[in-house]
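A quick write-up on the structure given underneath.
The values are calculated or read from the model by the stated rules, or taken from the named source; none is laboratory data. All of these numbers come straight from a predicted model, not from anything done at the bench. Please note: Cβ atoms are built from the backbone with ideal geometry, for glycine as well, and neighbour counts cover all protein chains shown.
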Amino acid sequence: MYTDTDTDTDTDVDTESDTEAQPEVNEGALDSTGISDNSSDADPESLSVADDYAGDIDIEIETESEEETTEEITEETTEVATETSVEQTATDTTEEITEEVEEETIKKAEEATEEAITNATFETVLTQEKAIIDENSAATRVASVALDNPSGIDYTVQITGAGSNSFIYDKDSNELRYNGSADYESQSRYELVLVFTKDNNNEVINMPINIDVNDIDEAPSLTTTLAAANFTESSAVGTTIMTASAPDPEGGTITYSLSGTDAAKFTIDADGTVKIASLLDYETKDNYSITVNASDGTHSLSTAIAVSLTSV
Ligand SMILES: [Ca+2]
Ligand SMILES: [Ca+2]
Ligand SMILES: [Ca+2]
């Protein structure tokens with residue numbers, strides 16, 4: 001029927017269209033690649049695919065890569081090991097050098113410190129041996145200085161304070177000595193300072209020292225002064241012949257007295273004034289001898305005096 005025909009026609013058309021849609025195969029090209037054996041006629045067991053070839057190639061490549069990699073790794077490992085060894089050796093050496101440098105540095109620092117301490121050391125210790133000295137006593141040591149001066153720093157020594165010239169410092173024996181000139185009545189106490197001055201830095205070390213002077217009862221000093229070179233035999237009783245003076249250092253009371261051959265002819269007052277006690281006679285005696293005595297109670301002094309007469 002017409003309708004069916006139309007259907008068949010359509011089918012034909014479709015069939016033709018399908019046939020026309022298939023790409024034509026160039027058998028010659030297949031032969032040249034060897035793939036033609038993989039035609040439907042070949043034994044399936046002998047068939048090979050592109051993947052098979054690819055597999056063989058990959059295996060060979062992988063094998064070579066592994067060997068190379070192993071060698072490289074070995075080389076790298078060796079290099080790293082060598083480097084590590086070198087680095088360790090370098091590290092060890094560096095540590096040893098560092099330790100040696102540190103030890104040397106510490107040693108030098110310690111030596112420098114010791115040297116600095118030695119150079120800086122200048123110590124003085126004053127030991128006073130006499131705090132009191134008798135006036136008029138002989139020269140004596142009053143103090144000593146223990147000097148710690150290991151590096152032999154030069155220095156000067158001065159003694160300051162009132163009366164310091166009564167003392168000397170002996171640098172050889174490191175002694176402070178009194179020279180024997182103390183007089184209690186002039187100065188009863190010394191307040192001195194022993195001054196050490198270092199030459200290297202002008203550093204000054206002051207060592208105060210006080211010394212008291214002990215008062216000794218000293219004898220008075222007696223002097224007599226004639227009122228005239230000569231006296232007339234007619235000089236009245238009570239005429240002053242001379243004056244005696246006996247000051248005592250301690251201000252003690254002086255007792256005067258007369259002695260000697262002609263002492264009875266004269267008197268001496270409490271103040272030391274010598275007077276005629278009885279009339280003198282030139283014809284009997286033209287020269288009278290007396291001795292003036294003065295005492296502070298402990299010390300007695302005497303002076304012989306000649307009194308000359310002239311005739312009238
Ligand atoms: Ca005195
Ligand atoms: Ca005295
Ligand atoms: Ca006295």
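T121 passes every criterion in (1) farther than 30 Å from G251 by Cα; (2) modelled with pLDDT of 95 or more apart from (2).
Name the one entry in D296, D199, D248 that is in contact (Cβ under 8 Å) with a residue 40 or more places away in the chain and closer than 30 Å to S144 by Cα. Let's see the steps before the verdict.
Details: D296 fails: closer than 30 Å to S144 by Cα; D248 fails: closer than 30 Å to S144 by Cα.
From the options D296, D199, D248, the qualifying one is D199.
Screening region 288-312 for residues that are touching an Asp or Glu at 6+ places or on another chain (Cβ under 9 Å) and of a type in the set (S, T, N, Q) and picking the one that is nearest to I216 (Cα to Cα) gives T298.
Selection of region 216-232 for residues being more than 16 Å from ligand 3 (Cβ to nearest atom) and under 20 Å from T291 (Cα atoms) yields T224, T225, L226, A227, A228, A229, N230, F231. Restricting N210, N200 to residues that are exposed (fewer than 14 other Cβ atoms within 10 Å of the Cβ), outside the structural domain of A294 (by TED's automatic domain parsing), in contact with a Phe, Trp or Tyr (Cβ under 8 Å, 6 or more places away or on another chain) and of a type in the set (S, T, N, Q) narrows the list to N210.
Going through (1) at pLDDT 95 or above; (2) at negative phi; (3) more than 16 Å from ligand 1 (Cβ to nearest atom) one by one, G238 falls short only on (2).
Check K285, K275 and return the single one that is in a loop (DSSP other than H, G, I, E, B) and basic (K, R).
On the way: K275 fails: in a loop (DSSP other than H, G, I, E, B).
Of K285, K275, the one residue that is in a loop (DSSP other than H, G, I, E, B) and basic (K, R) is K285.
Taking the criterion of being of a type in the set (S, T, Y), touching a Gly at 6+ places or on another chain (Cβ under 9 Å) and away from ligand 2 (no atom under 16 Å from the Cβ), the residues of region 240-262 that qualify are T243, S245, T255, Y256.
Looking at Y178, Y155, just one residue is surrounded by 11 or more Cβ atoms within 10 Å (Cβ to Cβ), away from ligand 3 (no atom under 16 Å from the Cβ), within 30 Å of E218 (Cα to Cα) and free of Cβ contacts under 8 Å to residues at least 60 places away in the same chain, and that residue is Y178. Taking the listed residues S173, S186, the one that is within 16 Å of ligand 1 (Cβ to nearest atom) and of a type in the set (G, A, S) is S186, with no other qualifying. For region 233-256, a residue qualifies if it is outside any strand (DSSP E or B) and within 16 Å of ligand 3 (Cβ to nearest atom), and the qualifying residues are A246, P247, D248, P249, E250, G251, G252, T253, I254.
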